[in-house]
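Some notes on the structure that comes next.
The values are calculated or read from the model by the stated rules, or taken from the named source; none is laboratory data. Values in this document were obtained by computation on a predicted structure and should not be read as measured data. Cβ atoms come from the backbone with ideal geometry, glycine included; neighbour counts cover every protein chain shown.
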Amino acid sequence: MGRFVGYDYQGIYLPRYFPPIKPGCERALRSWNKKGGSRIHHARPCDEWFYILIACHKIGAVVMPAPVILLSSDIEYRIMKGNANVLITNRANNAKVDEALRKSDTAFLRRRLLVDGEAPGWQNFDRAMSKALTRLDRADVDETLAGDSFIIYFTSGTTKYPKMEHHLCYYPLGHLRTAGLWHGLTD
């Protein structure tokens with residue numbers, strides 16, 4: 001088990017355990033992302049968020065993370081605006097996603113995955129990973145360049161519709177400075 005250490009708003013230590021990265025994750029996602037560049041809408045938080053994010057970056061898929069507080073109309077807007085090919089969420093949120101999909105034309109959507117169970121029209125994420133290729137080689141994945149798409153965030157949309165903030169692969173490099181100088185991380 002991996003461990004994420006966090007603190008609550010009063011500074012109380014809260015260790016949080018999450019499962020290790022599942023090796024089938026990038027293979028399953030790759031089987032639906034043949035050309036790279038697929039856009040994966042992921043309503044988080046869930047323990048799977050960590051390895052889904054890493055797997056998406058390994059295969060060149062663009063992640064569009066979304067908070068679970070969104071309404072179905074917010075989800076519909078983000079799916080349509082971002083042209084999401086794959087949706088990943090949990091049972092607590094799949095009804096909102098289903099409602100959003102009923103309102104829109106989503107011909108570009110290829111997969112709907114649930115990380116924690118079953119629902120009509122949804123695939124079980126763990127089962128999809130177990131059916132994936134047994135091995136993913138470097139040759140199976142297109143080269144990722146610094147100018148390729150990396151992640152898409154949506155602004156809060158407090159005054160109008162949210163805007164897509166499209167970040168490229170060199171985006172995280174700016175956080176290295178923050179990690180070293182602000183957070184004191186050296187490894």
Looking at V141, V115, can you tell me which residue is in contact with a helix residue (DSSP H, G or I) (Cβ under 8 Å, 6 or more places away or on another chain) and under 27 Å from D98 (Cβ atoms)?
V115
Taking only pairs six or more apart or across chains, which ones have beta-carbon atoms under 9 Å, a first residue in segment 119-138 that is over 15 Å from T89 (Cα atoms) and of a type in the set (G, A, S), and a second residue that is modelled with pLDDT of 80 or more and crowded, with 16+ Cβ neighbours inside 10 Å?
none
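For the structure I just gave you, tell me whether A55 is of a type in the set (A, V, I, L, M) and either over 17 Å from I152 (Cα atoms) or not in a helix (DSSP H, G or I) (or both).
Working: of a type in the set (A, V, I, L, M): yes; either over 17 Å from I152 (Cα atoms) or not in a helix (DSSP H, G or I) (or both): no.
No: the conditions fail for A55.
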Residue ID - modelled with the highest pLDDT, chosen from residues in segment 58-81 that are surrounded by fewer than 17 Cβ atoms within 10 Å (Cβ to Cβ) and in contact with a strand residue (DSSP E or B) (Cβ under 8 Å, 6 or more places away or on another chain):
K81
Output the number of residues of segment 116-145 satisfying the condition of being of a type outside the set (D, E, K, R), part of a loop (DSSP other than H, G, I, E, B) and modelled with pLDDT of 85 or more.
5
Lone qualifier among A92, A84 - being assigned to a loop (DSSP other than H, G, I, E, B), aliphatic (A, V, I, L, M) and surrounded by fewer than 17 Cβ atoms within 10 Å (Cβ to Cβ)
A92
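So which of V115, V97 is closer than 23 Å to E165 by Cα, buried (at least 19 other Cβ atoms within 10 Å of the Cβ) and of a type in the set (A, V, I, L, M, F, W, C)?
Numbers: V115 fails: closer than 23 Å to E165 by Cα.
Within the list V115, V97, the selection yields V97.
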So the check is Cβ under 6 Å with 6+ separation or different chains; which pairs have a first residue in segment 70-91 that's of a type in the set (G, A, S) and a second one that's outside any helix (DSSP H, G or I) and at pLDDT below 90?
G82/R39; G82/M64; G82/I152; A84/R39; A84/H41
The lone condition I151 fails out of (1) touching a Leu at 6+ places or on another chain (Cβ under 8 Å); (2) surrounded by 15 or more Cβ atoms within 10 Å (Cβ to Cβ) is (1)
